[in-house]
1. Out of the range 112-153, which residues are of a type in the set (Asp, Glu) and more than 21 Å from residue 239 (Cα to Cα)?
2. Open to solvent by 60 Å² or more (accessible area, probe 1.4 Å), part of a loop (DSSP other than H, G, I, E, B) and free of Cβ contacts under 8 Å to residues at least 24 places away in the same chain - does that describe any residue in the range 21-39?
3. For the range 184-193, name all the residues that are open to solvent by 20 Å² or more (accessible area, probe 1.4 Å) and either on the phi > 0 side of the Ramachandran plot or in contact (Cβ under 8 Å) with a residue 12 or more places away in the chain (or both).
4. Condition first: of a type in the set (Lys, Arg) and more than 19 Å from residue 152 (Cβ to Cβ). Now tell me which residues in the range 56-104 satisfy that.
5. Which of the residues belonging to the range 244-260 are in a loop (DSSP other than H, G, I, E, B), of a type outside the set (A, V, I, L, M, F, W, C) and open to solvent by 40 Å² or more (accessible area, probe 1.4 Å)?
6. Condition first: assigned to a loop (DSSP other than H, G, I, E, B), over 22 Å from residue 109 (Cα atoms) and not hydrophobic (A, V, I, L, M, F, W, C). Can you find one or more residues in the range 65-76 that meet it?
7. Restricting attention to the range 45-63, and to residues there that are open to solvent by less than 30 Å² (accessible area, probe 1.4 Å) and assigned to a loop (DSSP other than H, G, I, E, B), which single residue is nearest to residue 22 (Cα to Cα)?
8. Are there any helices (runs of 4 or more DSSP H) wholly within the range 150-216 with 3 or more residues that are at pLDDT below 85, and if so which?
Amino acid sequence: MDKPICLITGATDGVGKVTATALADKGYAVVLAARNEAKAATVTTEIVASTGNRDVDYLIADLSSLVQLHGLAETFMARYPRLDVLINNAGVIMPRCALTEDGYETTFQVNYLAQFYLTQLLLNELEKSPQGRVINLSSSVYRAGKFDPANLQSEQRFSTIGAYAASKLCVLLFTIELAQRLKPTRVTANAVHPGIVRTPMMRGAKGVLGVISYAALPFSRSPDKGAATSVFLAGSPDAAQISGQYLANAKVQNVKTAYNTQENRALLWALSMGAYQRALPS
């Protein structure tokens, strides 16, 4: 397949769907990773119809299941010769603490650990690309996040906003560390702040988060604008040398958190790698 191949998680709604459509329109072979097969099939048909690009596919996996993520990676590798762009776009905001089937707090697993796991599974496929690119969706709310190894999964306390902010901080720390480790390769890794985007997740927020989302509506942007930085990083020649950065509005931003240290990044990597190795099929 001569077309660049892109895999996008959470691609049936909001920013993910717009990103998938934009890349399909640019001639990419786009693979949607989604948990709802009926919705994935519908969105795939819509993207093919709107772009005229027939190389749009979908794979099914729930990011709250590492077994399903492993199956997704295996299916992708059997179906495609390489991976040019991996966009870890999916995310959740949980109103209460809930554990996944793997025993992890859901916000931590879906927003962060699933990104780490899927990226590790597909690194060899990315290295087959002339210039593989990893794009991880973070958020400016990372500034409110705390890196606390004793409370990574809300073992001591849970708050919706605290868990979400911590997960986005983990995404950022992981991305910077990943880029450092990928320096000997042709693969880049960057984190993205899409902005405050009017998505179904935002509109459907409940409780305190619902109040915050409602207050933020006047400052929110369309999914098209929210997707612009991911689209830039995926395909622009100007992004080829950008790695280990945090971007908003297609521009590199300063990382503003005291938790961004080499020690914290190495510790998070070690903890995540332990979880990754335990989850691998024996």
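The values are calculated or read from the model by the stated rules, or taken from the named source; none is laboratory data. Only a predicted model underlies this, so the values are computations on that prediction, with no experimental measurement involved. Every residue, glycine among them, receives a Cβ derived from its backbone with ideal geometry; neighbour counts consider all protein chains shown. Just the protein is used for accessible areas: all its heavy atoms, side chains included, with ligands, DNA and RNA removed. Shrake-Rupley method; radii C 1.70, N 1.55, O 1.52, S 1.80 Å.
1. 148
2. For the range 21-39, residues open to solvent by 60 Å² or more (accessible area, probe 1.4 Å), part of a loop (DSSP other than H, G, I, E, B) and free of Cβ contacts under 8 Å to residues at least 24 places away in the same chain: absent.
3. Scanning the range 184-193 gives 185, 186, 193.
4. Within the range 56-104, 79, 82 meet the criteria.
5. Passing the criteria: 245, 249, 254, 256, 259, 260.
6. Scanning the range 65-76 turns up no residue that is assigned to a loop (DSSP other than H, G, I, E, B), over 22 Å from residue 109 (Cα atoms) and not hydrophobic (A, V, I, L, M, F, W, C).
7. Among them, the one singled out is 53.
8. Because the criterion is at least 3 residues that are at pLDDT below 85, the helices (runs of 4 or more DSSP H) in the range 150-216 that meet it are 200-203, 207-216.
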